[in-house]
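The values are calculated or read from the model by the stated rules, or taken from the named source; none is laboratory data. Predicted model only: the values in this text are computed from it and were never measured. All Cβ positions, even for glycine, are placed from backbone atoms using ideal geometry, and neighbour counts span all protein chains on display.
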Amino acid sequence: MEPLTDQQIRSSFVNCTKGEAKRLRLPVEFGDTPWADLDFLGWIDPGAPQRAYLVVPGELLPGRDGPAPLGLSLRVPGSGNNSAFKSSLCNICLTGHASSGVSLLVAPLAGPRGREGSTVGIYFCADLACSLYIRGKRQPKLRTRQHEESLTVEEKVARMSGHLAAFVAKVLAD
């Protein structure tokens, strides 16, 4: 992923207001972001762990004009006992985790339907570090038995990109 500026990130959001995008907190160590190892930028709000953000390069999304990034505001639904909102497999990168390593993240739909409260959700690595997991740069905290795959890293990236593009398409659907 090409490095992004604060302004590029804030102007990329399609499912929140401009004011919300302006007020969002960037990752704590934003200056140390490993851009070369990322296929998208994802982070949990450092001051509000029930909020998360995802910024996807435009070229990852079929049918988008140009390389402009697209940002999504996400939230973790529920409070207290989140066991009903946990899974053990990320639907984006297919990394297996202990149940606390994957969370249901919910995105308001873009446009009028989202303003009316319509959402779409997906199970995602709780730290949004899918790119690092598929490259072997990060391991699940509590090791679970990983399925052996014969795919190359490039093939895993392509599969992950397809899953991510499908999720973004659901958020953008009219």
Subject >> Boolean, residue 168 is out of contact with any Asp or Glu (no Cβ under 9 Å at 6 or more places or on another chain), more than 30 Å from residue 20 (Cβ to Cβ) and modelled with pLDDT of 90 or more >> reply: no
Original post:
Which members of region 21-63 meet the condition of being among the small types (Gly, Ala, Ser) and within 19 Å of residue 92 (Cβ to Cβ)?
Top reply: 42, 52, 58
Original post:
Any residue at all in region 14-27 that is under 23 Å from residue 161 (Cα atoms), buried (at least 18 other Cβ atoms within 10 Å of the Cβ) and small (Gly, Ala, Ser)?
Top reply: no
**OP:** Can you confirm whether region 60-82 contains a residue that is of a type in the set (A, V, I, L, M, F, W, C), part of a helix (DSSP H, G or I), surrounded by fewer than 21 Cβ atoms within 10 Å (Cβ to Cβ) and modelled with pLDDT under 80?
**Re:** no
